[in-house]
1. Give the relative contact order (percent, whole number) for segment 48-312; include only Cα pairs under 8 Å separated by 6+ residues.
2. Report the residues of segment 268-286 in range of a label on Ala297: point 7 Å along Cα→C-beta, backbone N strictly under 18 Å from it.
3. Within segment 143-172, list the residues whose amide N lies under 16 Å from a label point set 7 Å along Cα→Cβ of Asp241.
4. Based on the mean of other beta carbon atoms within 10 Å per residue, what is the order of 68-77, 96-105, 120-129, most packed first?
5. Charges on Cβ only, +1 for Lys and Arg, -1 for Asp and Glu, centred on the Cα centroid of segment 48-312; of Ala270, Ile70, Gln133, which one is farthest towards the dipole's positive end?
6. Tabulate in residue order the Karplus-calculated ³J(HN,Hα) for segment 246-255, using 6.51 cos²θ - 1.76 cosθ + 1.60 with θ = phi - 60°, rounded to whole Hz; enter x for Gly and Pro.
7. Tell me, what is the percent relative contact order of segment 160-260, built from C-alpha pairs under 8 Å that lie six or more residues apart?
8. Could you point to the residue in Gly240, Phe158, Gly192 farthest towards the positive end of segment 122-244's charge dipole, with +1 and -1 charges on the Cβ of Lys/Arg and Asp/Glu respectively?
Amino acid sequence: MTRFARSTEMTLLVIGIVFFIGLVIASGGDLLAANSSRVLLQFLAVPILIGLAQMVVLAVGQLNLAVGAIGGFAAAAMGVLMADHGVPVPLALLIGFLLAGVVGLLNGVLVVLTRINGFIVTLATMTILLGVQYRLVGTRTVDAYPQGLKTFGAAAIFGVVPWIFVVALIVAGLLAVLLKRTVPGRQLLASGGNPIAARLSGISNDRSVIVAHALSGAILGVAAILTVASSPGVNKSIGGDWLLPSFAAPIIGGALLTGGSAVVLGTVLAAFIVRFVDTARAEFSLEPSWVNFVVGAVVLGSVVLGQVRTRRQDRRSVVKSPDAAVAGGVS
């Protein structure tokens, strides 16, 4: 409990609560209305998922610039399959989900086989998928798919908690269990934290990279499903604004760019705070660019603080090691 009280997650929780109370006061209590709460949570589902998709790749010290392109491509494929080819909803969603997972898997395989930095590989993948997405939908908005899917996207428990938000939380919970409680998850984090030690322990770092990218793609497949369900239609702009939020949530949540950390709860809480910033922008009629400015500044500050914290820990370990050696010699 003491450890959690000093953690990044606790700090984010306190900031989120204070931010929420401030927004409630500023809105005159309107934010507590059922419809306002439902809209707030509904627009949180996808940011949580894209943050988790980026987080799992950061966990192995990689980057995924194709987050938006993978999600947009999968969403466009689902919409076109249902609207243009009459594919049943479950099958179309499954195909889109599998496409996203396969693209993520291919990213991992390419990184391992070519030994090219994931930044370059996913940049190339992003460019290709943006072209494919445009080829699928062109300049139109695809919206002629069954109303039942859109009904699910707007449905909410007791009229307050959207089902798509519940799905996002379930994915977050499953990912947390996978990373913390299973052997593949622990091996993935070990590869990200110290690749040399992991290899000496018999862990395949290449496999960890592939698993991380495949997981990222699968999570983006779920995000694409929720996007199709909750949006009026699908067009070429879907996923275009996902890149910054995908980095913002895990980095603000405490993820290390060097890998080895799994901050599922921190990512979820950070997504809340980013959403609160956007809500404040709307409440006070500020320019939309202020959201990007604030989020970008917070991300930069989080990275700097993370580097400072890491250097302090390294210095402490260096200071302690001679003492340990002396103690060992005396004994």
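1. 35
2. Label zone hits: 273-286.
3. Inside the label zone: nothing.
4. With the highest mean Cβ count within 10 Å placed first, the list reads 68-77, 96-105, 120-129.
5. Final value for the positive-end residue is Ala270.
6. Using θ = phi - 60°, the values come out as 5, 7, 4, 4, x, 5, 5, x, x, 5 Hz.
7. Relative contact order of segment 160-260: 29 percent.
8. Value: Gly192.
Computed from the coordinates by the stated procedures, all read-outs in this text should not be read as laboratory data. Just so we're clear, the structure is a prediction, and the values are computed from it rather than from any experiment. For neighbour counting, all protein chains shown are included, and Cβ atoms are generated from backbone atoms with ideal geometry for every residue, glycine included.
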